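The values are calculated or read from the model by the stated rules, or taken from the named source; none is laboratory data. From a predicted model like this one, the values you see are computed outputs, not experimental measurements. Don't worry about glycine lacking a Cβ; one is built from the backbone with ideal geometry, like all the others, and counts go over all protein chains shown.
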Ligand SMILES: [Zn+2]
């Protein structure tokens, strides 16, 4: 599982980590690049940083963490923003979709193919 591999590769920045919640495979390449950048920065600056939770909330990536400095704040925000346009299933270009086509349905960021497979509609 890709989540476990991230924790294995970067134990220092996952030391206080609690959970991944509903993160699809499509977002893991974003997280791999994020972890690589944050880990290197923490080594260079001795920053005491840890991810706490990564979750999919209303079709967007939310990253909770402690110990931010301006660099980690910026790259985490950037990763969260990339999730707005990245299919959470496959990693291709995506957009926000809903199970019933309104903001009241279950929301997911999907490419057209995965939206059709799951019967989601653009909102
Ligand atoms: Zn897709």
All but one of (1) free of Cβ contacts under 8 Å to residues at least 24 places away in the same chain; (2) part of a helix (DSSP H, G or I); (3) more than 10 Å from the chain's Cα centre (by Cα) hold for residue 68, so report the exception by its number.
-> (2)
Residue list for the range 100-120, filter: in a loop (DSSP other than H, G, I, E, B) and either surrounded by 15 or more Cβ atoms within 10 Å (Cβ to Cβ) or within 17 Å of the chain's Cα centre (by Cα) (or both) | 111, 120
Could you check, for the range 85-94, whether at least one of its residues is surrounded by 19 or more Cβ atoms within 10 Å (Cβ to Cβ) and assigned to a helix (DSSP H, G or I)?
-> no
Index of the failed condition, residue 52 passing every other in (1) in contact with a helix residue (DSSP H, G or I) (Cβ under 9 Å, 6 or more places away or on another chain); (2) surrounded by 14 or more Cβ atoms within 10 Å (Cβ to Cβ); (3) over 25 Å from residue 111 (Cα atoms) | (1)
Residues in the range 79-98 that are in contact with a strand residue (DSSP E or B) (Cβ under 8 Å, 6 or more places away or on another chain) and more than 15 Å from the ligand (Cβ to nearest atom): how many?
-> 3
Pairs where the first residue, in the range 108-122, is farther than 23 Å from residue 55 by Cβ and within 8 Å of the ligand (Cβ to nearest atom) and the second is modelled with pLDDT of 95 or more and part of a loop (DSSP other than H, G, I, E, B), C-beta under 8 Å, 6+ apart | 113/90; 113/92
